[in-house]
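Structure first, then comments.
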Amino acid sequence: ERRMSVHQFDSLPRYVRFLQENPQEVEFLYKELLIGVTNFFRDPGLFDFLKEKAIPQLLQSRTKDTPLRVWNPGCSTGEEPYTIAILLLESGNWWRDWQVEIMGSDINQRVLHTARKGMYKKGSHRATPPDMLRKYFIDEGKGDYRIIDAVRRFVSFSYVNLLDPYKISLIR
């Protein structure tokens, strides 16, 4: 709707025709659809629920012989999968004996590159509790924070196109 408004189209068929005739507009639309707005501990209510209820219940129902796998589709630059890893680390030392795999996926290779590097600007930490910021991040100076290896070892990032499930490409 926003792109239609920019070009003053009042109907979807007219905008579709415009897209077919203007490949550059397809690129603009694609980029607009993939805008990732995220940061660590972005949704406090959700992460409190994970920490207090979901993770303890999940751990009660599993044995260490069963791998614990978490998938975060549409992970953008990776803050959410890393937040989940932090919450799992905060829930005790159980993970030392378990196989834990957290996968973040996205359709945008550029944001996946950022996620794999694990380097973030200070603004992405505005909801991170200060004690967790000190414990799980290294201050690299100039407002950059790097996630520690103890967190990164649980998380991998892959390209996954959820719009085409028959052509899913996993890149570790």
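The values are calculated or read from the model by the stated rules, or taken from the named source; none is laboratory data. Given the structure is predicted, the values throughout are model-derived calculations rather than measurements. Heads up: the accessible areas ignore ligands, DNA and RNA and are worked out on the full protein's heavy atoms, side chains in. Shrake-Rupley method; radii C 1.70, N 1.55, O 1.52, S 1.80 Å.
The table below lists the values:
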read-out: Where region 61-172 is the region considered: accessible area per residue in Å², 1.4 Å probe; value: 57
read-out: Whole-Hz ³J(HN,Hα) from phi, Karplus 6.51 cos²θ - 1.76 cosθ + 1.60, for region 64-70, glycine and proline x; value: 5, 7, 9, x, 9, 10, 10
read-out: Proximal lysines relative to Lys121, as straight alpha-carbon distance under 16 Å, when same-chain residues fewer than 8 apart are discounted; value: Lys142
read-out: For the chain, built as a Gaussian network whose Cα springs stay under 10 Å, the top-fluctuating residue of Gly104, Gly123, Gly92; value: Gly92
read-out: Most mobile listed residue (Leu50, Leu33, Leu12) in the chain, GNM with C-alpha springs under 10 Å; value: Leu12
read-out: Relative contact order of region 1-105, pairs being alpha-carbon contacts under 8 Å that are 6 or more residues apart, as %; value: 28
read-out: Equivalent ellipsoid dimensions for the chain as semi-axes, Å, which come from the Cα gyration tensor, largest first; value: 35, 20, 15
